[in-house]
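**Q** Mind looking over this structure? Questions follow.
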Amino acid sequence: VLFQGNLFIMLGAMTAAPEKVDARAVFYKHADSNFYSALSYVIGEALAAMPQMLIDVLLFGIFVYWMVGFVQSAASFIIYLLLFFLFTFSMGQTMGLLASVAPTKTVVQGGGAVVLLMNVLFSGYIVAPNV
């Protein structure tokens, strides 16, 4: 279940990343005109994305938590939602980083696939069966 939840978040971040490649043209235009610095742009983009991420986490996380039958305590539930939100935020920022350094949308999608592969390989999802 945790694998499916994380995969859902990673694939969602991957589909949003190519739009950030298109947004670079606007950023470059504003940066060349000295409207704002790169740091203020990144912070603004991150803050603007948080309400939508919070809605996504609440809608998806609430149903998953109770349908799976995790521990029925408020503290565990809030920790689960907090970790789920942090993972959503970090995946969005990771894909944003890829979109800022990659030359094309195709490279962003390929890099996102590599990030997804590394997450699946090294996050403990592939567990050898007891033989």
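The values are calculated or read from the model by the stated rules, or taken from the named source; none is laboratory data. The structure presented is a predicted model; accordingly, all values stated were derived computationally and were not measured. Positions of Cβ are backbone-derived with ideal geometry, glycine not excepted, and every protein chain shown enters the neighbour counts. Calculation scope for accessible area: heavy atoms of the full protein, side chains included, ligands and nucleic acids excluded. Shrake-Rupley method; radii C 1.70, N 1.55, O 1.52, S 1.80 Å.
**Q** Among residues belonging to the stretch 1-15 that are open to solvent by less than 30 Å² (accessible area, probe 1.4 Å) and of a type in the set (G, A, S), point out the one that is modelled with the highest pLDDT.
**A** That would be A13.
**Q** Given (1) open to solvent by less than 60 Å² (accessible area, probe 1.4 Å); (2) at pLDDT below 90; (3) of a type in the set (S, T, Y), where does T88 come up short, assuming only one miss?
**A** Unmet condition: (2).
**Q** Going by what's in this entry, would Y41 be described as surrounded by 10 or more Cβ atoms within 10 Å (Cβ to Cβ) and more than 19 Å from the chain's Cα centre (by Cα)? Outline the logic, then answer.
**A** On the way: surrounded by 10 or more Cβ atoms within 10 Å (Cβ to Cβ): yes; more than 19 Å from the chain's Cα centre (by Cα): no.
Considered against the rule, which asks whether it is surrounded by 10 or more Cβ atoms within 10 Å (Cβ to Cβ) and more than 19 Å from the chain's Cα centre (by Cα), Y41 comes out as no.
**Q** Consider the stretch 69-104. How many of its residues are more than 17 Å from the chain's Cα centre (by Cα), part of a helix (DSSP H, G or I) and not hydrophobic (A, V, I, L, M, F, W, C)?
**A** Residues meeting the conditions: 1.
**Q** Condition first: aliphatic (A, V, I, L, M) and touching a Ser or Thr at 6+ places or on another chain (Cβ under 8 Å). Can you find one or more residues in the stretch 42-60 that meet it? If you could, list the steps in order and put the result at the bottom.
**A** First, the residues of the stretch 42-60 that are aliphatic (A, V, I, L, M): 42-43, 46-50, 53-55, 57-59.
Now restrict to residues that are touching a Ser or Thr at 6+ places or on another chain (Cβ under 8 Å): 53, 57.
Yes, some residue in the stretch 42-60 is aliphatic (A, V, I, L, M) and touching a Ser or Thr at 6+ places or on another chain (Cβ under 8 Å).
**Q** Check W66 against each of (1) more than 19 Å from M14 (Cβ to Cβ); (2) open to solvent by less than 80 Å² (accessible area, probe 1.4 Å); (3) assigned to a helix (DSSP H, G or I) and name the one condition it does not meet.
**A** (2)
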